[in-house]
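Visitor: Quick one: structure below, then a few questions.
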Amino acid sequence: LKSELVTPVTPGSALISVYWHKELNQIITGSANGETHVLYNPDISQGGAKTVMLKAPKRRHIDDDPNLTMDLSHGIGGDAVILPGGSAPSAASFASRHPTIGLTASGKSRDPRRPHIPNTTPFAKSNADEAYIREHIPLSGMREEDPREALLKYADKAKNDPMFTNAWATTQPKTIYAELSDEEEDGPDKKRVRR
């Protein structure tokens, strides 16, 4: 076998898997460092990675550039104040002095849509004020309310003007309940075990 074309896919890292897609005429490779590459000929290949590469790149917003943004959790330094007649510090010098602002620990840029979570301190707890909840949020005091008393408020109204059993008021004026047998008094029925 004589190799006609040698293409280094991941130098310094071994290839783990190689797959050739017959219909797309593209080679997909996976390497030990977690990278995935698609090899194709733009003249012969159809679809797949070629379709992705034909799309225009996504437009980036100016706020996506970590060199031009500032993390307010670190505060504003004295050198950021511009005096009259002075010049503004450049974004490149700010980025060189603060290389980690706008980046995660791994070096990737932070997602601009994700809000910064402030540090919790003993002075700024996340618990809501109890009095505010009791006054402004409806039904927040139901935990302290006795359910039996709440039902007894409507006992007289239910007796004088029954809503659900009013159809039987003439045929059966006094409600008759089924009597419990000895088995039912012990507790709820347990399902019989089938063997």
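Visitor: Fewest first, what order do D64, D129 take by the number of other Cβ atoms within 10 Å?
Guide: Values: D64 16, D129 9.
Ascending Cβ contact count within 10 Å gives the list D129, D64.
Visitor: Additional query: What are the ³J(HN,Hα) couplings of the range 163-180, residue after residue, when phi is run through the Karplus curve with 6.51, -1.76, 1.60 and θ = phi - 60°? Round to Hz, x for glycine and proline.
Guide: Each residue of the range 163-180 in turn: 8, 8, 9, 5, 5, 9, 4, 8, 7, 9, x, 9, 6, 10, 9, 6, 8, 7 Hz.
Visitor: Only residues of the range 2-38 count here: report those whose backbone N is under 18 Å from the spot 7 Å along Cα→Cβ of K58, or say none.
Guide: Residues passing the 18 Å test: 36.
No lab work stands behind these numbers, since they all come straight from the coordinates. Because the structure is predicted, anything quoted here is derived from the model rather than measured. Here Cβ is always computed from backbone atoms with ideal geometry, including for glycine, and neighbour counts include all displayed protein chains.
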